[in-house]
Amino acid sequence: MKLLRICLTIIMTSILLTMALPAKAEDALRIVYNVGVAPLKFEDETKRPQGLFPDIWRLWAKKPAKKYNL
(Lines give C-alpha, C1' and ligand atoms only; values in the text may rest on other atoms or scores of the structure.)
Protein backbone atom coordinates (compact mmCIF):
# COMPACT_ATOMS: atom_id res chain seq x y z
CA MET A 1 0.00 0.00 0.00
CA LYS A 2 2.86 2.33 0.83
CA LEU A 3 4.55 1.53 -2.50
CA LEU A 4 1.33 2.33 -4.36
CA ARG A 5 1.05 5.67 -2.58
CA ILE A 6 4.66 6.52 -3.48
CA CYS A 7 4.13 5.58 -7.14
CA LEU A 8 0.94 7.65 -7.36
CA THR A 9 2.69 10.60 -5.76
CA ILE A 10 5.51 10.42 -8.29
CA ILE A 11 3.09 10.13 -11.20
CA MET A 12 0.91 13.01 -10.03
CA THR A 13 3.95 15.21 -9.40
CA SER A 14 5.24 14.46 -12.90
CA ILE A 15 1.86 15.30 -14.44
CA LEU A 16 1.58 18.57 -12.51
CA LEU A 17 5.12 19.63 -13.42
CA THR A 18 4.52 18.82 -17.06
CA MET A 19 1.30 20.82 -17.12
CA ALA A 20 3.01 23.79 -15.45
CA LEU A 21 5.69 24.12 -18.13
CA PRO A 22 4.69 26.43 -20.97
CA ALA A 23 4.85 25.04 -24.49
CA LYS A 24 7.41 26.65 -26.75
CA ALA A 25 7.17 27.10 -30.49
CA GLU A 26 10.14 24.76 -30.85
CA ASP A 27 8.19 22.03 -29.04
CA ALA A 28 5.37 22.03 -31.60
CA LEU A 29 4.92 18.85 -33.59
CA ARG A 30 4.70 19.47 -37.31
CA ILE A 31 3.85 16.76 -39.77
CA VAL A 32 4.46 17.72 -43.38
CA TYR A 33 3.82 15.60 -46.44
CA ASN A 34 3.25 16.04 -50.13
CA VAL A 35 -0.01 14.45 -51.25
CA GLY A 36 1.46 13.93 -54.71
CA VAL A 37 4.03 11.44 -53.41
CA ALA A 38 3.53 8.02 -54.98
CA PRO A 39 2.63 5.96 -51.88
CA LEU A 40 0.01 8.48 -50.79
CA LYS A 41 -1.68 9.57 -54.02
CA PHE A 42 -0.87 9.30 -57.69
CA GLU A 43 -2.61 8.62 -60.98
CA ASP A 44 -2.24 5.39 -62.95
CA GLU A 45 -2.02 5.11 -66.75
CA THR A 46 -5.79 5.65 -67.10
CA LYS A 47 -5.65 8.82 -64.94
CA ARG A 48 -7.56 7.14 -62.09
CA PRO A 49 -6.43 8.08 -58.57
CA GLN A 50 -4.37 5.39 -56.85
CA GLY A 51 -2.44 5.14 -53.60
CA LEU A 52 -3.14 5.14 -49.88
CA PHE A 53 -5.51 8.14 -49.70
CA PRO A 54 -7.84 7.01 -52.52
CA ASP A 55 -7.90 3.48 -51.03
CA ILE A 56 -8.92 4.83 -47.63
CA TRP A 57 -11.70 6.93 -49.18
CA ARG A 58 -12.98 3.96 -51.19
CA LEU A 59 -13.13 1.83 -48.04
CA TRP A 60 -14.82 4.71 -46.18
CA ALA A 61 -17.43 4.99 -48.92
CA LYS A 62 -18.20 1.25 -48.81
CA LYS A 63 -18.63 1.06 -45.04
CA PRO A 64 -21.77 3.23 -44.66
CA ALA A 65 -23.28 1.75 -47.82
CA LYS A 66 -23.10 -1.76 -46.29
CA LYS A 67 -24.38 -0.54 -42.94
CA TYR A 68 -27.49 1.11 -44.36
CA ASN A 69 -28.04 -1.32 -47.29
CA LEU A 70 -27.60 1.39 -49.93
Q: Scan region 47-62 and give yes if some residue there is polar (S, T, N, Q), at pLDDT 70 or above and not in a loop (DSSP other than H, G, I, E, B), otherwise no.
A: yes
Q) Among the residues of region 1-46 satisfying the criterion of being part of a loop (DSSP other than H, G, I, E, B) and farther than 30 Å from ARG58 by Cα, which is modelled with the highest pLDDT? A) MET1
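The values are calculated or read from the model by the stated rules, or taken from the named source; none is laboratory data. Computed from a predicted structure; not experimentally measured.
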